[in-house]
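The values are calculated or read from the model by the stated rules, or taken from the named source; none is laboratory data. If you're wondering where the values come from, they're calculated on a predicted model, not measured in any experiment. We place every Cβ from the backbone using ideal geometry, glycine too, and count neighbours over all the protein chains shown.
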Amino acid sequence: MEGSRLTKAVQREIEAAVGGACSAAREDRICYSFDATDIRGLPDIVVWPESRDHVVAVAKIASRAHLPLVPRGAGTGYTGGSIPICGGIALSFEKMKRVIDVDVAARVAVVEPGVVNEDLRNAVERVGLMYPPDPASLKVSTIGGNVAEGAAGPRTVLYGTTGDYVVGLELVTVDGSVARTGYLASGSGTAWDPGPLIVGSEGTLAVVTRVALRLTDVPEATRTYWAEFDSLENAAAAVAVITADGVPVSVLEIIDRDTLACATEYVRGRAPDTRSEGALLIEVEGISSDLTGMWGRLKPLLERSGATLVRAASDERERDEIWEIRRSISASLARLATGKINEDIAVPRSRIPAFIQEMRCISREVDLPILAFGHAGDGNLHVNIMLDRADSLQVARARRAVSMLFRVALESDGTLSGEHGIGITKAEHLAEELDEAALRITAAVKRALDPSGLLNPDKILTDRPNPWWSDPAVSAIV
């Protein structure tokens, strides 16, 4: 659909509704026209709501004026999910960042969507509880964005994804109606809860204005281990061995040589003192007495899998140093090329070694570097295709590589996305994973909740051909 242009009358109406917390200035609109991809889509106006009532008022105006309404978190997404490619209203939640309540007895936190993941974690840890989901972008990504994309993270292997912790939502529909579900509904909190429907819907079904999240106990103890291998395939095989043995890992991350070298130099200012082709970051957590023999159990598994170096972090400082390198990966890779495509393909853990071999073949075939790291514990691999964005031949080869990687993942009983969503970049491939019936159901849900197609249009389900590569209206600000 094509977004309507903002009229002066509608702009004045929005300004009055939100107390001036909006802007149609070009410089402000440009700031909200992109995410972590290279896609661009210029909104007609940016609105910074400060309350649910602001969201309700803006939704009603958007509905009457037939303006697209695009909710937005911190803009860290990798699939273009928050980009207003049809224009309209960019609804940024950076001012709705309150931790409203932490109910220690119920082990539930209630937050606004603009709360940064790490800020929530710190708030609940002060009362002896933990919010486990921890995407690598946790220092900047927001809870609303995590809910929209179904974010995961390194601890997913033990704790699950964001969706496993959503126990209630406050939703604003496209016509400005308000619905409260689950824990936030009146009564006992056992009412209808559409969390599984809304989580991962990328703002295409409703606007989330409040989230209730389940909390857990802070683990008594954590042990962190590091292993290096002479091949990435051996590192991947070790993942399958560890999980098959039943070791209760909370983190099992894989990193290839070039990624490790880049991140280490980024953090420490020098290349790592190793020629290893692959590495694993492993953590276990729980009761101290239960972890006493864990190293004796884990070390032989790693050595039998071909590890050339295995060590345990001796203290919290060493653990923090390891994690600083892991969390700096995405930022560090941006220095290697003018363009980077980060796909969050997921495959069964037992298929990871074979997938990596196929990935290397694809890299050679398209003559582009493809780096790999990610949450191997649940099969979620982040494959990064490095390219020169100004080179049209490299862009074409990169696009072919993406399609080939998706095909290999699906043939391996995997999925297109482990946590980043479909958005724009994967929309043209969705029919390769879902059958016709599933696509019909998805479209029917969208029509039922957003009959005018105004909520984050042209995402997930789209008729736009090859949207993020070939449409000049999307690839540049005009």
**Request:** Please find, among L42, L129, L67, the residue that is at pLDDT 95 or above and either crowded, with 22+ Cβ neighbours inside 10 Å or of a type in the set (S, T, Y) (or both).
**Result:** L67
**Item:** Tally of residues being β-branched (V, I, T) and out of contact with any helix residue (DSSP H, G or I) (no Cβ under 8 Å at 6 or more places or on another chain) across the stretch 142-161
**Value:** 1
**Request:** Could you pull out every one of the strands (runs of 3 or more DSSP E) wholly within the stretch 214-318 that has 1 or more residues that are of a type in the set (D, E) and in contact (Cβ under 8 Å) with a residue 24 or more places away in the chain?
**Result:** 221-229, 249-256, 278-286
**Prompt:** Scanning for something in a loop (DSSP other than H, G, I, E, B) and either among the β-branched types (V, I, T) or closer than 23 Å to I422 by Cβ (or both), does the stretch 364-372 turn up at least one residue?
**Reply:** no
**Message:** From the list A74, A16, A105, A21, exactly one residue is among the aliphatic types (A, V, I, L, M), closer than 30 Å to L333 by Cα and surrounded by fewer than 24 Cβ atoms within 10 Å (Cβ to Cβ). Which is it?
**Reply:** A74
**Prompt:** What is the residue count in the stretch 122-150 for residues that are closer than 22 Å to P219 by Cβ and under 17 Å from the mean Cα position of the chain (by Cα)?
**Reply:** 10
**Request:** Please indicate, with yes or no, whether at least one residue in the stretch 142-165 is surrounded by fewer than 24 Cβ atoms within 10 Å (Cβ to Cβ), under 30 Å from S63 (Cα atoms) and touching a Pro at 6+ places or on another chain (Cβ under 7 Å).
**Result:** yes
**Asked** Counting only residues that are in contact with a helix residue (DSSP H, G or I) (Cβ under 9 Å, 6 or more places away or on another chain), more than 21 Å from A206 (Cα to Cα) and of a type in the set (A, V, I, L, M), how many does the stretch 110-141 have?
**Response** 5
**Request:** Spot the failing condition for R335; the list is (1) crowded, with 17+ Cβ neighbours inside 10 Å; (2) outside any helix (DSSP H, G or I); (3) charged (D, E, K, R), and only one is missed.
**Result:** (1)
